[in-house]
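First up is the structure itself, then whatever we jot down about it.
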Amino acid sequence: MTEITNELRTSDGSRHLLTLSRSSCWKQVHEPFFRFLADDRWWLVPYHAVVFGQCVVREEKALLQFHIGQVLVSGPKTMAFFEDFAAQRATALHADGLQITDVQLVLHTDNKTTNASDGSVNGNEKHQEA
């Protein structure tokens, strides 16, 4: 594991140092694609397909918005993963249950959100395959 230190400024202007440790849950190399394991399937999307990303440090969660849907990441090392992802160094992600506890994919289909694991649309009904 490697460590990096970032300086964070809070809304009241105070400064804090945040030390991030790298994890074995993701690879750190430059590649044009990002791979992740969600719902027992490996998914592959190009980095240029990222619409936006958000990381909530206190909740240890991150959201990555792609054209196919949203990738939800959670765990104690989420911020470190998010930093590497933003620098295109995290190219393969999976949940190990400790440092990255969960990786979920929520697919977009016809302006609706479909959970990739159970096929539910908007969390209520089952998505029917054509």
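None of the figures in this text is laboratory data; all of them are computed from the coordinates on show. Predicted model only: the values in this text are computed from it and were never measured. With ideal geometry, Cβ positions are generated from the backbone for all residues, glycine too; neighbour counts draw on all protein chains shown.
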### Summary
Computed ³J(HN,Hα) along region 71-78: with the Karplus parameters 6.51/-1.76/1.60, θ = phi - 60°, integer Hz and x for glycine or proline, the list is 9, 10, 10, 9, x, x, 9, 4
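Order 52-64, 90-102, 73-85 from most to least packed using the mean count of other Cβ atoms within 10 Å.
73-85, 90-102, 52-64
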